[in-house]
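Asker: Just passing along the structure, written as C-alpha cells.
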Amino acid sequence: MHLEQVKHILPYIAQGLTNDDLSKVAIIDTENGSADLYAHLGNYNVLTMTPPFIPENYIKAIEVCEKAEMEVIIIDSISHECDELLDFYSKLAGNSFTNWAKVTLRQKAFVDKIL
C-alpha cells in the first residue's frame, strides 16, 4: 500500500474509532488544505499549521487538540518537521556529532507527545 492510499483511509479509521462521531476527530493540516479532501465524511475539526514546521509547533497543535478533548488526532504530515530539523542541524556550528544531540532532544519531545 502506498502512502497516499494510507492517507486516504485514515479518516475512515478515525470514524470507526469514534463510533461515527467526527466531532471528536482533529486533523492537523500542514498540506495547504488537504484535510478538505475528506469534507464529504462529515464535520471534523481542522487545525491548519503554517511554517515554521518546527517540533515545538507540532507539540502546541497537539496540545490544542488535547485541550479540546479530541479522541483522534491525524497529523498530515510530519515530513515538514523532519525537513525543519535537518535545516536546523545544517546551521549549527561546532562538532557535528554532538550537534545531533540538539536535534534528537527536539525530535524526541515531538515523538513523546505523539505517543
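Asker: Rounded to the nearest 500, what is the 222 nm mean residue ellipticity of the chain from helices alone, with -39500 (n - 2.57) per DSSP H run of 4+ residues and division by all residues?
Answerer: Rounded to the nearest 500, the figure is -16500 deg cm²/dmol.
Asker: Determine the alpha carbon to alpha carbon distance for each of LYS91/LYS113; LYS67/LYS113; LYS24/LYS108; LYS24/LYS102 and list only those over 24 Å.
Answerer: Distance filter (> 24 Å) returns LYS91/LYS113; LYS24/LYS108; LYS24/LYS102.
Asker: Could you state the angle between the C-alpha long axis of helix 79-90 and the longest principal axis of the C-alpha atoms of the chain, as a value from 0 to 90 degrees rounded to the nearest 10?
Answerer: Orientation of helix 79-90: about 10 degrees from the principal axis.
Asker: For the chain, take the longest principal axis of its alpha carbons; what is the angle in degrees between that and the long axis of helix 96-114, to the nearest 10 within 0 to 90?
Answerer: Helix 96-114 sits roughly 20 degrees off the main axis of the chain.
Asker: Right, another one. How tilted is helix 3-17 with respect to the longest principal axis of the chain? Cα atoms for both, answer in degrees (0 to 90, nearest 10).
Answerer: 50 degrees
Asker: Suppose R0 equals 30 Å; then what is the FRET efficiency for LEU41 and LEU105 from their Cβ-Cβ distance, rounded to the nearest 0.05?
Answerer: For LEU41 and LEU105, the calculated efficiency is 0.20.
Asker: Here's another thing I want to ask about it. Contact order normalised by length for the chain, with contacts defined as Cα pairs under 8 Å and 6 or more residues apart; what percent is it?
Answerer: Relative contact order comes out at 28 percent.
Asker: Which loop trypsin sites (Lys or Arg not before Pro) in the range 1-94, with loop taken from DSSP, have no more than 15 other Cβ atoms within 10 angstrom of their Cβ?
Answerer: Counting only loop positions with at most 15 other Cβ atoms within 10 Å, the trypsin sites (Lys or Arg not before Pro) in the range 1-94 are LYS91.
Asker: Here's a follow-up. To the nearest 20 debye, what is the magnitude of the charge dipole of the chain about its Cα centre, counting +1 on the Cβ of each Lys and Arg and -1 on the Cβ of each Asp and Glu?
Answerer: 460 debye
No lab work stands behind these numbers, since they all come straight from the coordinates. Please read these numbers as outputs of a predicted model, since none were measured by experiment. As a convention, Cβ positions derive from the backbone with ideal geometry for all residues, glycine included, and neighbour counts pool all protein chains shown.
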